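The values are calculated or read from the model by the stated rules, or taken from the named source; none is laboratory data. No experiment lies behind these values; they were computed from the predicted model shown. Here the Cβ is made from the backbone with ideal geometry for all residues, glycine too, and neighbour counts use every protein chain on show. The area values use the complete protein model at the heavy-atom level, side chains included, leaving out ligands, DNA and RNA. Shrake-Rupley method; radii C 1.70, N 1.55, O 1.52, S 1.80 Å.
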Amino acid sequence: MSYKDFPKIELHHHLEGAAPPAFVRDMARARGLDISNIFDAKGAYAYRDFSHFLNVYEAATRPFSSPDDYALLTAIVAGEAAEQGVVYLETFLSPDFCGGRDPVAWREYLAAMFEAAVAAEQLGITLRGIVTAVRHSGPEAARETALCAQETAGDFVVGFGMGGDENAGDTAEFAYAFDMAREAGLRLTSHAGEWAGPASVRDALTHLKVERIGHGVRAIEDPALVALLAETGTGLEVCPGSNVALGLYKSWKDHPIARLWEAGVKVTVSTDDPPFFHTTMTREFEELERAFGWGEGDFAALN
Ligand code: ADE
Ligand code: ZN
């Protein structure tokens with residue numbers, strides 16, 4: 001069936017990563033920026049592998065250089081999510097791209113995004129932000145990002161997280177930033193178990209004390225860790241279409257989401273960076289139905 005109108009909760013979604021490529025291209029043209037090398041002949045985002053994906057991602061943020069640009073980006077992205085039946089969206093917001101982690105500039109960017117998010121409520125979608133450190137920018141930058149998060153923690157900013165290159169640095173080096181965010185009352189998540197194995201998920205639990213994990217799918221390689229995730233009720237923000245598009249798993253049928261769920265792990269479904277992975281929330285549900293025979297009752301449980 002089509003799940004387009006089925007109400008969906010999405011918890012792992014990068015704001016810039018959800019920007020439609022045509023919109024990014026138009027913004028770049030209007031600003032006289034040449035980023036044509038990040039698009040293929042059909043106008044889609046083009047990247048070779050995960051490391052190149054991160055470069056393309058950063059290049060795609062370059063046309064957005066003011067709070068007004070981010071307000072427009074938020075409005076467009078919220079509209080696209082609402083169109084997919086998403087009723088609640090937690091999106092990753094990056095002070096790195098919004099004023100270079102300067103707390104004063106960050107407040108202005110955030111106010112603009114918040115205003116756009118409030119306007120989007122008319123479409124039946126509630127947006128919340130997770131302020132996100134970029135791991136390959138290093139622990140000092142993560143502390144600056146945590147300061148931005150601390151200063152703006154509240155009704156709209158509900159969490160602190162970390163994305164980027166999972167293999168950059170030791171996880172323990174980022175503990176201070178996560179402590180800062182926790183002290184500000186923020187809920188915590190980190191990307192782990194995507195490009196590194198089960199030890200990376202254990203490190204995120206031990207050092208960052210997160211209650212959710214972005215991806216976390218490679219926990220499947222360690223049954224004791226799967227049991228620990230189930231026991232502690234740690235939520236996994238699983239993005240199957242992203243994992244398949246980036247080559248982590250050969251096909252949807254090979255994806256471990258069903259095995260993790262059967263083992264009692266709290267799994268959820270998200271798109272990560274929808275246009276980069278040629279996916280939508282509707283497609284995620286439909287592919288999961290095709291691969292595992294899941295139906296409305298299962299998706300309601302995942303929500
Ligand atoms: N930033 C955007 N998408 C990401 C992903 N899948 N993993 C890590 N960092 C990201
Ligand atoms: Zn992600």
Since Arg128 meets every condition but one in (1) buried (at least 19 other Cβ atoms within 10 Å of the Cβ); (2) farther than 15 Å from Glu16 by Cβ, which condition does it not meet? (1)
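From the list Asp165, Asp203, pick out the single residue that is in a loop (DSSP other than H, G, I, E, B) and not polar (S, T, N, Q). Walk me through it before giving the result.
On the way: Asp203 fails: in a loop (DSSP other than H, G, I, E, B).
After ruling out the rest, the residue left standing is Asp165.
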For segment 78-89, which positions are surrounded by fewer than 24 Cβ atoms within 10 Å (Cβ to Cβ) and not in a loop (DSSP other than H, G, I, E, B)? Gly79, Glu80, Ala82, Glu83, Val87, Tyr88
Unmet requirement for Arg101, which otherwise passes all of (1) crowded, with 16+ Cβ neighbours inside 10 Å; (2) assigned to a loop (DSSP other than H, G, I, E, B); (3) within 16 Å of ligand 1 (Cβ to nearest atom); (4) not hydroxyl-bearing (Ser, Thr, Tyr): (3)
Any hit, segment 149-158, residues being in contact with a Gly (Cβ under 9 Å, 6 or more places away or on another chain), away from ligand 1 (no atom under 16 Å from the Cβ), in a helix (DSSP H, G or I) and open to solvent by less than 10 Å² (accessible area, probe 1.4 Å): yes
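Okay, residues lined up against (1) closer than 30 Å to Asp298 by Cβ; (2) within 16 Å of ligand 2 (Cβ to nearest atom); (3) open to solvent by 20 Å² or more (accessible area, probe 1.4 Å); (4) of a type in the set (Val, Ile, Thr):
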residue: Lys4; (1), (2), (3), (4): yes, no, yes, no
residue: Ala18; (1), (2), (3), (4): yes, yes, no, no
residue: Phe23; (1), (2), (3), (4): no, no, yes, no
residue: Ala30; (1), (2), (3), (4): no, no, yes, no
residue: Ala41; (1), (2), (3), (4): no, no, yes, no
residue: Ala46; (1), (2), (3), (4): no, no, yes, no
residue: Ser51; (1), (2), (3), (4): no, yes, yes, no
residue: Pro67; (1), (2), (3), (4): no, no, yes, no
Go through segment 37-52 and report how many residues are outside any loop (DSSP other than H, G, I, E, B) and either more than 17 Å from Glu16 (Cα to Cα) or within 16 Å of ligand 1 (Cβ to nearest atom) (or both). 6
Tell me, please, whether a residue that is in contact (Cβ under 8 Å) with a residue 40 or more places away in the chain and in contact with an Asp or Glu (Cβ under 6 Å, 6 or more places away or on another chain) can be found in segment 102-125. yes
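Which one is most open to solvent (accessible area, probe 1.4 Å) among residues in segment 169-216 that are under 16 Å from Phe50 (Cα atoms) and under 18 Å from the mean Cα position of the chain (by Cα)?
Narrowing segment 169-216 to residues under 16 Å from Phe50 (Cα atoms): 191-197, 214-215.
With under 18 Å from the mean Cα position of the chain (by Cα) added as a condition, the list becomes 191-196, 214-215.
Working: His191: 16, Ala192: 1, Gly193: 0, Glu194: 7, Trp195: 66, Ala196: 15, Gly214: 1, His215: 0 Å².
Ranking the qualifying residues of segment 169-216, first place goes to Trp195.
Select from segment 168-200 the residues that are assigned to a helix (DSSP H, G or I) and in contact with a strand residue (DSSP E or B) (Cβ under 7 Å, 6 or more places away or on another chain) and list them in ascending order.
Initially, segment 168-200 is screened for residues assigned to a helix (DSSP H, G or I), giving 171-183, 198-200.
Passing the criteria: Phe174, Ala177, Phe178, Ala181, Arg182, Ser200.
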Somewhere in segment 232-253, is a residue away from ligand 2 (no atom under 13 Å from the Cβ), in a helix (DSSP H, G or I), among the β-branched types (Val, Ile, Thr) and open to solvent by 50 Å² or more (accessible area, probe 1.4 Å)? yes
What single numbered condition from (1) in contact (Cβ under 8 Å) with a residue 12 or more places away in the chain; (2) farther than 23 Å from Ile9 by Cβ fails to hold for Ala224? (1)
